[in-house]
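A short write-up of the structure that comes next.
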Amino acid sequence: MAIPDEVQGLQAQQAANGGRFLLTLANTERVRARAVVIATGAQYRRLEVPNLADFEGASVHYWASPLEGRLCTGQEVGLVGAGNSAGQAAVYLSSRATRVWLIVRGPGLDTSMSRYLVDRIAATPNIEVLSQTEVTALEGQDGILQGIRCRAHRSGDEVKRAIRHLFLFIGAEPHTAWLSGSGVTLDGKGFVHTGGNIDRPLETCLPGIFAIGDVRSGSVKRVAAAVGEGAQVVASLHTYLADMGDKPALSITTGRL
């Protein structure tokens, strides 16, 4: 256990010196490992408003589950985002909320959202798309949101809307900068690719290096799924070490601690 510590680099090496992979830590120490599990997660992008943290957890949400749906029943809600996740959340929330204000910085949804979702949103009367618009301020007290201010890019006009719940679906940034030069393949957004090995679906392009949870490309970004992948990867580690002729007595998991 190394707490607190941070991995700053990963490289593959020969099996000599006790490990196939070399991890460089922030304190300049080095760790050799026969297998590595990447579980560094991702961080949701946040609005650039000064008091956002005051409302997170109570009035500002980064997902739309049945719990949030119940909180929003009979209310108007705001949702920032233009991707498929934002579209799916808007459609779901429209079944509970009286109105969903879908706030989009770009000119529309056509270039960032699947056609079926664009059509579904257009056909849903209580979803209104505010294109070329951004949230400029949050108003409320004691952690309870009472309204948001939005500015239209074209006119510059700022409007206040009485919204108590704001949903942010503006993407996530994976903690994978430390993998630069490691040979581990990332997708266009920086998430770790897995699945090249049918027998070990959580393995990356480098045999012996695995990725689980939010950092993995294609993961569903939910706690329960990440926990399940954590349990699943143990079997893959044992299989890999056995195939390499090692005794599967020890596995090493790395991440930001």
Practice problem: Quick one: which residues, 5 or more positions from L186 or on another chain, have an amide H under 5 Å from its amide H? H modelled 1.01 Å from N in the peptide plane, none for Pro or chain starts. | Solution: H193
Quiz prompt | ³J(HN,Hα) computed for each position of the range 112-125 - Karplus, 6.51 cos²θ - 1.76 cosθ + 1.60, integer Hz, glycine/proline x | solution = 10, 10, 4, 4, 5, 6, 4, 5, 5, 5, 4, 8, 9, x
Quiz item: In whole Hz, what ³J(HN,Hα) sequence does the range 220-236 give by Karplus (6.51, -1.76, 1.60; θ = phi - 60°), x for Gly and Pro?
Solution: 8, 6, 9, 4, 4, 5, 5, 4, x, 5, x, 6, 5, 5, 4, 5, 5
Self-check item: In order through the range 57-62: 3J(HN,Hα) via Karplus (6.51 cos²θ - 1.76 cosθ + 1.60), integer Hz, x for Gly, Pro
Solution: x, 10, 10, 10, 10, 10
Quiz item: What relative contact order, as a whole-number percentage, does the range 1-154 give when Cα pairs under 8 Å and 6 or more residues apart are counted?
Solution: 16 percent
Quiz prompt | Segment Y116-T239, extension gain: residue separation times 0.36 nm, minus the distance between their alpha carbons | solution = 40.1 nm
Quiz item: Given springs between every Cα pair under 10 Å in a Gaussian network model of the chain, which of G106, G81, G245 has the largest fluctuation?
Solution: G245
Practice problem: Could you work out which residue, out of L47, L166, L202, moves most in a Gaussian network model of the chain, that is, has the largest mean-square fluctuation with Cα springs under 10 Å? | Solution: L47
Practice problem: Quick one: give the max-minus-min coordinate of the C-alpha atoms of the range 85-128 along each principal axis, largest first, in Å. | Solution: 27, 20, 17
Quiz item: How far, in nm, would the chain grow between S180 and N84 when pulled straight, counting 0.36 nm per residue and subtracting the alpha carbon separation?
Solution: 31.7 nm
Quiz item: Rounded to the nearest 10 Å², what accessible area does W63 show when all protein chains are kept and the probe is 1.4 Å?
Solution: 110 Å²
Quiz item: Tally Lys/Arg at +1 and Asp/Glu at -1 over every other residue whose Cβ is under 11 Å from the Cβ of A226; what's the total?
Solution: +1
Self-check item: Accessible area per residue, Å², the chain with all protein chains present, probe 1.4 Å
Solution: 53 Å²
Quiz item: Roughly how many debye, to the nearest 20, is the charge dipole of the chain about its Cα centre, given +1 on each Lys and Arg Cβ, -1 on each Asp and Glu Cβ, and no other charges?
Solution: 220 debye
Quiz prompt | Correct choice for Kirkwood radius over Cα pairs in Å that was computed from the model, options (i) 19.2; (ii) 18.3; (iii) 20.6 | solution = (iii)
Quiz item: Which sequence of V233, V129 reflects their accessible areas, 1.4 Å probe, from the largest down?
Solution: V129, V233
Quiz item: So what is the 222 nm mean residue ellipticity for the chain from helices alone, if each DSSP H run of at least 4 adds -39500 (n - 2.57) and you divide by all residues, rounding to the nearest 500 deg cm²/dmol?
Solution: -5500 deg cm²/dmol
Self-check item: Long-range HN-HN contacts of F167 with modeled amide H, under 5 Å
Solution: H61, G78, L79, V80
Quiz item: Once you list every other residue whose beta carbon is under 14 Å from the beta carbon of L130, what net charge do they have if Lys and Arg are +1 and Asp and Glu are -1?
Solution: +2
Self-check item: Cut-off 9 Å between beta-carbons: net charge of the residues surrounding H153, Lys and Arg +1, Asp and Glu -1
Solution: +2
Self-check item: Accessible area of the chain belonging to carbon and sulfur atoms, whole % at 1.4 Å probe
Solution: 50 percent
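The values are calculated or read from the model by the stated rules, or taken from the named source; none is laboratory data. These figures come from a predicted structure and were not determined experimentally. Reconstructed Cβ throughout: ideal geometry from the backbone, glycine too, with neighbour counts over all protein chains shown. Heads up: the accessible areas ignore ligands, DNA and RNA and are worked out on the full protein's heavy atoms, side chains in. Shrake-Rupley method; radii C 1.70, N 1.55, O 1.52, S 1.80 Å.
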